[in-house]
2 protein chains.
Amino acid sequence: MSISATPPIQPFAITFGADNATLEPQGQVLTRRMSDLEGLFADADAWARAVADGDPVVYTVVSSPVPEVPRELPQSITTIQPGLTAGEFWMTKGHQHPDPQGEIYLGLAGHGGLLLFDGERAEWLDMSPGVIGYIPPGWAHRSVNVGDEPYKFLAVYPGSAGHDYGWVLEHGMGLRARRAADSGDLDLVPFGTPAGRHRTGKP
Amino acid sequence: MSISATPPIQPFAITFGADNATLEPQGQVLTRRMSDLEGLFADADAWARAVADGDPVVYTVVSSPVPEVPRELPQSITTIQPGLTAGEFWMTKGHQHPDPQGEIYLGLAGHGGLLLFDGERAEWLDMSPGVIGYIPPGWAHRSVNVGDEPYKFLAVYPGSAGHDYGWVLEHGMGLRARRAADSGDLDLVPFGTPAGRHRTGKP
């Protein structure tokens, strides 16, 4: 099947490689480099230096050929590279669904987190292989790699849900995921915490 | 979380046991015995004998607490026991979505098949661990255990899709999955093939 199927979609089987995070047949592949994440890390200077210093790939999203159109149920596998930008763990841009609908993430490899924000409340779900994170309708969501290996997960989402990345730029995500300078542990800090300032303890 | 959450659902993590086919927290558990499958096997007499002879459990469906309501994305794990009724492999009732929307099945254990029927065309997808079967909107679907071990799969489906079991009783599923008397292989026969009559070759 070609890069993206056109409705009406026929029944078909997708070989799901949980170990190497592949979908075969494969649809679109999205690559997000550091330069695509402008305005998202707390430390804009550190972000700009990372862009200047090779503009690394932060994450990739491999989709199945099922298209993002109403009534279909597309799937994708995201791989977030391990990394830190001024102490903040590498992450996806995060988005809100313009049409509020639920979504699931299934952890495949590595150790990550699912940060959710409904505009008032923020929630954090620890993600690892064998964990399904449930994203209810109306919750913006961002994935974060909090480990030292690539963090990979399978997403399944209604094709009509859509992606609003601007919502996150406008509202933030409630919390930021940092590596504590002293312990090296995950430290979730309020979104407005200035870059480099360190808060002790968990929220 | 209790047996079935009530919207608004909060974000939560579900531990997905791919090996033992569990979801924790667990929601509703549905048990389908032979007596629940009236009118579905080609050989009604053999079906009635199986009901009289202990009415065995044919399949179970364990759901997560995410409810089947619009905008949510529920999940469940189905386990179909291995078995034959007059040569026909044990299977689910099969259903059509009253609101046509896509669904995915992800094979977890055993060897099964996904039979799809849009009222005119029938399709068969071989299912095993690591295969995602894509069910497009408008295709009725039934799962079949064609192996000697329990066949297990994870389903993810829109909460508003619904389940119309009557559609299958009225329209059939296009094909029946039988064990060939000679070779023991899977034999897909047209739906109207009389029970006990054996067709050679694949459709």
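The values are calculated or read from the model by the stated rules, or taken from the named source; none is laboratory data. No experiment lies behind these values; they were computed from the predicted model shown. Because the Cβ atoms are built from the backbone with ideal geometry, glycine has one as well, and the counts that use them run over all protein chains shown. These accessible areas exclude ligands, DNA and RNA; they are computed on the full protein's heavy atoms, side chains included. Shrake-Rupley method; radii C 1.70, N 1.55, O 1.52, S 1.80 Å.
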Only residues that are assigned to a loop (DSSP other than H, G, I, E, B) and without any contact (Cβ under 8 Å) to a residue 12 or more places away in the chain: list them for segment A:5-29, please.
A:8, A:10, A:11, A:20
I'd like the residue in segment B:111-148 that is within 20 Å of residue B:61 (Cβ to Cβ), outside any strand (DSSP E or B) and of a type outside the set (A, V, I, L, M, F, W, C) and, out of all such residues, is farthest from the other protein chains (Cβ to nearest Cβ).
B:147
Regarding residue A:75, is this residue closer than 19 Å to residue A:116 by Cα, at pLDDT 95 or above and within 14 Å of chain B (Cβ to nearest Cβ)?
no
Could you check segment A:111-122 and list, in sequence order, the residues that are surrounded by fewer than 23 Cβ atoms within 10 Å (Cβ to Cβ) and either farther than 19 Å from residue A:93 by Cβ or without any contact (Cβ under 8 Å) to a residue 40 or more places away in the chain (or both)?
A:111, A:118, A:120, A:121
Taking segment A:149-171 and the residues there that are of a type in the set (Phe, Trp, Tyr) and open to solvent by less than 10 Å² (accessible area, probe 1.4 Å), the one that is farthest from the other protein chains (Cβ to nearest Cβ) would be A:151
State yes or no: is residue A:68 under 18 Å from the mean Cα position of the chain (by Cα), closer than 30 Å to residue A:11 by Cα and acidic (Asp, Glu)?
yes
Are any of the residues in segment A:136-148 among the aromatic types (Phe, Trp, Tyr) and within 23 Å of residue B:157 (Cα to Cα)?
yes
Residues A:65, A:25: which one is within 11 Å of chain B (Cβ to nearest Cβ) and under 30 Å from residue B:70 (Cβ atoms)?
A:65
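Each row is one residue, and each column tells you yes or no for (1) small (Gly, Ala, Ser); (2) in contact with a Pro (Cβ under 6 Å, 6 or more places away or on another chain); (3) under 30 Å from residue A:180 (Cβ atoms).
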position	(1), (2), (3)
A:9	no, yes, no
A:33	no, no, yes
A:38	no, no, yes
A:45	no, no, yes
A:56	no, no, yes
A:67	no, no, no
A:78	no, no, yes
A:82	no, no, yes
A:87	yes, no, yes
Count of segment A:158-179 residues which are in contact with an Asp or Glu (Cβ under 7 Å, 6 or more places away or on another chain) and closer than 10 Å to residue A:96 by Cβ:
2
